[in-house]
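To start, the structure under review is shown below, and the notes come after it.
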Amino acid sequence: MRKIAIIFSVFLLPSLAFSYEAKVLKLMGNVYVIPYSKAEVRAKEGMELFEKDTIKTGDDGWVSVELPDKSKINIGNKSLITIYKSKQDITVQIDRGKINAKVNKVKDREITFKTNTAIAGIR
């Protein structure tokens, strides 16, 4: 029984603690991810994004990311956004650029988009 508890704590708990907040579906052009307090890396399809990761697109770049509930966020060129999570809620901080999001309704969860200045179209 003790072996099972050790295996559970070594292998399963880290994967639960560090579950991804979004995943890169498609991208084109220059797209970079800046993991929290680490160096910038080039984004790749299938790449998992975690809390406080920043996505930066170049002049010719765009990226489509998917949240675990299958909501999708398309990020346009010359954009800089950061993903935050608190409990079940997700906040997308838009520092510059433009996004187009299709958010699925999920009970007991909110997705918030924050920006210093905003022009929003909601349908």
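No value in this document is a laboratory result; all are computed from the given coordinates. Keep in mind that what you see is a predicted model, and the values were worked out from it rather than measured. For neighbour counting, all protein chains shown are included, and Cβ atoms are generated from backbone atoms with ideal geometry for every residue, glycine included.
Close amide H partners of Ser79, meaning residues 5 or more places away or on another chain with modelled amide H under 5 Å apart, are Thr57.
Given the Cα atoms of the range 10-104, and with Rh set as the inverse mean 1/r over their pairs in the Kirkwood sense, what is Rg to Rh to two decimals?
On the way: Rg = 12.9 Å, Rh = 13.4 Å.
Radius of gyration relative to Kirkwood radius: 0.96.
Taking the Cα centre of the range 24-123 as origin and assigning +1 to Lys and Arg Cβ atoms and -1 to Asp and Glu Cβ atoms, the resulting dipole is close to 260 debye. Backbone phi angles across the range 106-117, fed through the Karplus curve with coefficients 6.51, -1.76 and 1.60 (θ = phi - 60°), yield HN-Hα couplings of 10, 4, 6, 8, 10, 10, 10, 10, 10, 7, 5, 10 Hz in residue order; Gly and Pro are listed as x.
The lysines within cross-link reach of Lys102, meaning a Cα-to-Cα straight distance under 23 Å and a gap of 8 or more places when in the same chain, are Lys23, Lys26, Lys44, Lys52, Lys56, Lys70, Lys72, Lys78, Lys85, Lys87, Lys114.
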